[in-house]
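Novice: Next up is a structure, given as structure tokens.
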């Protein structure tokens, strides 16, 4: 069995604007410009004010201009996207974006917010929070100060780091007294509701500006190279939300984090709060594993793993990795698939990509275990334009010769 593990780099290589920053730029542009003159996707992606600040959108428009110009925008969807301008998470990310923000950066920033607010809520028996006293990390401190939806300047000076919590996020305790404390549940609930609205906005963006165009892109040159790869693939495990493999290559795909047709997972990794000895469920809704359970996006994957697991051998003959950073944020899935594979082939876009992959795997496994992985699982790094069908044939032939000695 040959399995393909996909990340967002796969869509980007197809010149599809699926970066988180593409979403932020597009929604911000629509909110600022209005939609009266935007009847097609081409009217948006081809606008110089947007394409001048977003290189992926510009490249995508130049590659698929004819299709973008002829594809009408759903105005109801556009109106819903414009509503995100008042979303607290969207506002925060828009104020802190840079040209290189990735999905990993997004998850880390969400983690910073959760970590900071968690520390503040440890001091809930007050209606005044001393930011400088509660949080020592200057980065997290600045993050929290941007979430002004529940923290506002009090009578104390800003330099002292004192903030008064808005009345709507306080609760009377004991009931009937003049004492007020922070309403922890309401703050967490408000944060989660806002993150859900952001994830729904992202799903709508990917469907409207990317996914619905895929059937029209099948004959484009950007897709030709990949057709030879898919010939020998039996199963695809994808972290992507789009249906590129289904609509372009007619392949059955396991979407671990959901897809644009339904719900999508937008959250963070487990941490020490999820350990059995220290379990804290206050922020469990933000965890990807929890959302997988609630939205049932991992059922197909769990079924697949259960079916192929064999205590006597590794059932995956070749595991190919394309467009995934192999970052620790997806450590659980990476380790599981790697351990089930006899041969692991990571396809790199360039030498910097290979350096990043090696670094991330060493971070996951440690040097000694990484060396074992290279030997025992035949870990190989190859250029992205490698004909993997030919590679497998040569690799299998080499093994036959080697085993005959």
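Novice: Please go through segment 180-216 and give me each residue that is in contact with a strand residue (DSSP E or B) (Cβ under 7 Å, 6 or more places away or on another chain) and farther than 14 Å from residue 260 by Cα, ordered by number.
Specialist: 180, 181, 182, 183
Novice: Follow-up question, since we're still on this one. Would you confirm whether any residue within segment 93-107 is surrounded by 15 or more Cβ atoms within 10 Å (Cβ to Cβ), part of a helix (DSSP H, G or I) and in contact with a strand residue (DSSP E or B) (Cβ under 9 Å, 6 or more places away or on another chain)?
Specialist: Scanning segment 93-107 turns up at least one residue that is surrounded by 15 or more Cβ atoms within 10 Å (Cβ to Cβ), part of a helix (DSSP H, G or I) and in contact with a strand residue (DSSP E or B) (Cβ under 9 Å, 6 or more places away or on another chain).
Novice: In the list 86, 31, 96, which residue meets the criterion of being out of contact with any helix residue (DSSP H, G or I) (no Cβ under 9 Å at 6 or more places or on another chain) and within 22 Å of residue 191 (Cβ to Cβ)?
Specialist: None of the others qualify; the one that does is 86.
Novice: Which one of the conditions (1) in contact with a strand residue (DSSP E or B) (Cβ under 7 Å, 6 or more places away or on another chain); (2) surrounded by fewer than 17 Cβ atoms within 10 Å (Cβ to Cβ); (3) at pLDDT below 85 does residue 219 fail to meet, given that it meets all the rest?
Specialist: The one condition residue 219 does not meet is (1).
Novice: Of all residues in segment 306-364 being outside any helix (DSSP H, G or I) and surrounded by fewer than 14 Cβ atoms within 10 Å (Cβ to Cβ), which is modelled with the lowest pLDDT?
Specialist: So, considering only residues that are outside any helix (DSSP H, G or I) and surrounded by fewer than 14 Cβ atoms within 10 Å (Cβ to Cβ), the one modelled with the lowest pLDDT is 311.
Novice: Test residue 235 against the criterion of being out of contact with any strand residue (DSSP E or B) (no Cβ under 9 Å at 6 or more places or on another chain) and within 18 Å of residue 323 (Cβ to Cβ), and give yes or no.
Specialist: Answer is no for this residue.
Novice: Can you name the number of the only condition in (1) under 30 Å from residue 118 (Cα atoms); (2) more than 20 Å from the chain's Cα centre (by Cα) that residue 376 fails?
Specialist: Of everything listed in (1) under 30 Å from residue 118 (Cα atoms); (2) more than 20 Å from the chain's Cα centre (by Cα), residue 376 misses just condition (1).
Novice: Related question: Look at segment 29-47 and say how many of its residues are surrounded by fewer than 21 Cβ atoms within 10 Å (Cβ to Cβ) and either touching a residue at least 60 places away in the same chain (Cβ under 8 Å) or in contact with a strand residue (DSSP E or B) (Cβ under 8 Å, 6 or more places away or on another chain) (or both).
Specialist: 2
Novice: Which numbered condition trips up residue 364, out of (1) closer than 27 Å to residue 228 by Cα; (2) within 20 Å of the chain's Cα centre (by Cα)?
Specialist: Status for residue 364: all satisfied but (1).
The values are calculated or read from the model by the stated rules, or taken from the named source; none is laboratory data. Since this is a predicted model, take the numbers as computed values, not measurements. Neighbour counts run over all protein chains shown; Cβ positions are idealised from the backbone, glycine included.
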